[in-house]
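Asks: If you scroll down you'll find the structure; I have some questions about it.
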Amino acid sequence: MTDSVMLGRIAARRAELDLLEEELAKRLADVRVERAELVVAERVVQRISEQGFGEYLSPAPAPPEAQVGGRSVLLIPARVGSLDAEALPPDYQRILAIVRDAAGPVKVK
């Protein structure tokens with residue numbers, strides 16, 4: 001292998017490493033920014049707890065209920081992490097089934 005070929009390979013590898021260094025430096029900067037944001041978030045949570053506003057960190061209270069057609073219903077349906085139709089209240093499941101089974105656009109009266 002000649003010196004010029006070896007020098008060419010060395011130069012190519014150096015260029016690859018320079019690009020990798022730039023990419024890693026950017027990622028490191030992003031990590032440092034996110035860590036700094038987490039420190040701020042941690043301080044906020046601590047101050048909220050210290051100042052007696054801990055109720056803002058506790059789960060939300062149950063949504064209010066109302067009487068519709070003689071039965072109790074939620075004014076605001078509870079949100080659930082699941083995206084399945086089974087997570088919806090029965091009334092919404094029926095509406096979803098009607099819309100899903102419709103051959104075309106659905107109108108409400």
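The values are calculated or read from the model by the stated rules, or taken from the named source; none is laboratory data. What you see is a predicted model, and the numbers here were worked out from it, not measured in a lab. Reconstructed Cβ throughout: ideal geometry from the backbone, glycine too, with neighbour counts over all protein chains shown. Note: areas computed on protein heavy atoms with side chains; ligands, DNA, RNA excluded. Shrake-Rupley method; radii C 1.70, N 1.55, O 1.52, S 1.80 Å.
Asks: From the list Val39, Val31, exactly one residue is over 30 Å from Gln93 (Cβ atoms), open to solvent by less than 70 Å² (accessible area, probe 1.4 Å) and at pLDDT 90 or above. Which is it? Break it down stepwise before answering.
Replies: Working: Val31 fails: open to solvent by less than 70 Å² (accessible area, probe 1.4 Å).
Answer to the check: Val39.
Asks: Hey, another quick one. Output the residues belonging to the range 63-83 that are of a type outside the set (A, V, I, L, M, F, W, C) and either at pLDDT 75 or above or open to solvent by 90 Å² or more (accessible area, probe 1.4 Å) (or both).
Replies: Scanning the range 63-83 gives Glu65, Gln67, Gly69, Gly70, Arg71, Ser72, Arg79.
Asks: Ok, one more. What are the residue pairs meeting all of these: first residue in the range 6-27, first residue surrounded by 10 or more Cβ atoms within 10 Å (Cβ to Cβ), second residue at pLDDT 95 or above and of a type in the set (Lys, Arg), Cβ atoms under 9 Å, and 6 or more apart or on different chains?
Replies: none
Asks: Another question, if that's okay. Restricting to the range 42-58, what's the tally of residues that are of a type in the set (Val, Ile, Thr) and either without any contact (Cβ under 8 Å) to a residue 12 or more places away in the chain or open to solvent by 90 Å² or more (accessible area, probe 1.4 Å) (or both)? First the steps, then the outcome.
Replies: Here is the first cut: in the range 42-58, the ones of a type in the set (Val, Ile, Thr) are 44-45, 48.
Still in the list and also either without any contact (Cβ under 8 Å) to a residue 12 or more places away in the chain or open to solvent by 90 Å² or more (accessible area, probe 1.4 Å) (or both): 44, 48.
Looking only at that region, the number is 2.
Asks: Can you run down the residue pairs with Cβ atoms below 8 Å, 6 or more apart or on separate chains, where the first is in the range 90-109 and closer than 17 Å to Val73 by Cβ and the partner is surrounded by fewer than 10 Cβ atoms within 10 Å (Cβ to Cβ)?
Replies: Final answer for the pair search is Gln93/Glu86.
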